[in-house]
Amino acid sequence: MKVLYLEASPRGERSASTAVTEAFLAALLDAAPQVEVERVKLFEAPIPEFRAPAAEAKYKAMGAGADLTDAETASWRQVIGAVEQLKSADWLVISSPMWNYSIPYRLKQWIDVVVQPGLTFGVDESGTYKGLVAGKKTVLVLSRGGQYRQGDDPNDFQRPYLEKVLGMMGLTDVRTVLVQPMLAQGPERAAQALEQAKKEAAELAQEMARE
Ligand SMILES: Cc1cc2nc3c(=O)[nH]c(=O)nc-3n(C[C@H](O)[C@H](O)[C@H](O)COP(=O)(O)O)c2cc1C
């Protein structure tokens with residue numbers, strides 16, 4: 001059983017989202033020792049570039065299926081590699097800080113690489129999208145400096161965005177742990193919220209390991 005863990009904060013040991021995810025993974029490994037974690041530090045690991053040849057390959061995949069040039073083939077191979085890494089996992093765990101109401105650019109880059117027609121989503125004749133990456137347990141650990149309402153906060157472009165793109169790939173059963181407010185209400189409140197989120201994450205891992 002493999003967990004693909006994407007770590008989207010560059011802050012290492014100082015990161016709140018990473019610390020909470022570590023609590024999640026520790027509890028998961030405790031409950032299910034056979035689990036293998038592939039950890040990808042998105043600010044350190046190479047993520048394929050998505051430039052003109054990759055974009056053209058994507059348009060060709062969506063359209064008439066014209067032959068790819070050599071440069072497009074090379075770019076698309078890298079895309080396929082990233083998609084295979086995603087598909088090989090039974091679990092997807094993403095930790096991310098909120099950056100400018102949304103997500104850090106390295107996580108966005110990963111999304112732009114893996115969300116692809118024919119690979120992670122399909123479109124049928126009626127124009128309906130169908131996810132091709134179903135059946136993964138999916139967890140988001142999202143930290144924020146401020147305090148955002150659950151579910152319907154008009155300033156939260158982080159959680160709804162991630163849920164939208166994951167859903168497009170077929171990952172519709174997403175469990176989320178919020179780590180907030182990490183700045184807006186002072187260090188004491190932040191420390192309390194961090195401990196609460198770690199506890200919530202560990203309980204979620206135990207619950208999900210049983211499912
Ligand atoms: C570049 C940058 C942009 C940020 N933008 C926001 C924001 O829009 N809203 C917010 O509530 N906090 C924002 N923050 C604060 C972080 O979301 C907060 O400190 C979070 O706990 C960081 O998570 P981490 O410790 O896992 O990196 C921002 C921080 C940085 C570095």
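Of all the numbered requirements in (1) within 25 Å of R11 (Cα to Cα); (2) surrounded by fewer than 20 Cβ atoms within 10 Å (Cβ to Cβ), G81 misses one, and that requirement is (1).
Conditions (1) away from the ligand (no atom under 16 Å from the Cβ); (2) under 20 Å from the mean Cα position of the chain (by Cα); (3) buried (at least 19 other Cβ atoms within 10 Å of the Cβ); (4) not β-branched (V, I, T), marked per residue:
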site: E7; (1), (2), (3), (4): no, yes, yes, yes
site: G12; (1), (2), (3), (4): no, yes, no, yes
site: S17; (1), (2), (3), (4): no, yes, yes, yes
site: A31; (1), (2), (3), (4): yes, no, no, yes
site: V37; (1), (2), (3), (4): yes, yes, no, no
site: A52; (1), (2), (3), (4): yes, no, no, yes
site: K58; (1), (2), (3), (4): yes, no, yes, yes
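In the stretch 71-115, of all residues being within 16 Å of the ligand (Cβ to nearest atom) and of a type in the set (F, W, Y), the one that is farthest from Q34 (Cα to Cα) corresponds to Y101.
In the stretch 178-209, how many are farther than 30 Å from L119 by Cβ and either part of a loop (DSSP other than H, G, I, E, B) or more than 16 Å from the ligand (Cβ to nearest atom) (or both)?
Total satisfying the criteria: 11.
Against the test of being within 17 Å of Y101 (Cα to Cα) and at pLDDT 95 or above, the options R189, R175, R159 yield a single qualifying residue, R159. Those strands (runs of 3 or more DSSP E) of the stretch 73-177 in which 1 or more residues are of a type outside the set (G, A, S) and touching an Asp or Glu at 6+ places or on another chain (Cβ under 9 Å) occupy 91-97, 129-131, 137-143. Confirm whether P46 is touching a helix residue (DSSP H, G or I) at 6+ places or on another chain (Cβ under 7 Å), at pLDDT 95 or above and more than 16 Å from the ligand (Cβ to nearest atom). Considered against the rule, which asks whether it is touching a helix residue (DSSP H, G or I) at 6+ places or on another chain (Cβ under 7 Å), at pLDDT 95 or above and more than 16 Å from the ligand (Cβ to nearest atom), P46 comes out as no.
Starting from residues that are touching an Asp or Glu at 6+ places or on another chain (Cβ under 7 Å) and part of a helix (DSSP H, G or I), keep the ones in the stretch 42-59 and report whichever is nearest to V115 (Cα to Cα).
Per the criteria, the residue is A57.
Just checking, how many residues over the stretch 105-126 are among the charged types (D, E, K, R) and free of Cβ contacts under 8 Å to residues at least 40 places away in the same chain? Final tally of qualifying residues: 3. Kindly indicate whether L142 is within 12 Å of the ligand (Cβ to nearest atom), in contact (Cβ under 8 Å) with a residue 24 or more places away in the chain and under 28 Å from K87 (Cα atoms). So L142 passes the test.
The values are calculated or read from the model by the stated rules, or taken from the named source; none is laboratory data. Keep in mind that this is a model prediction, so the values were computed, not measured. Virtual Cβ from ideal backbone geometry, glycine too; neighbours counted across all protein chains shown.
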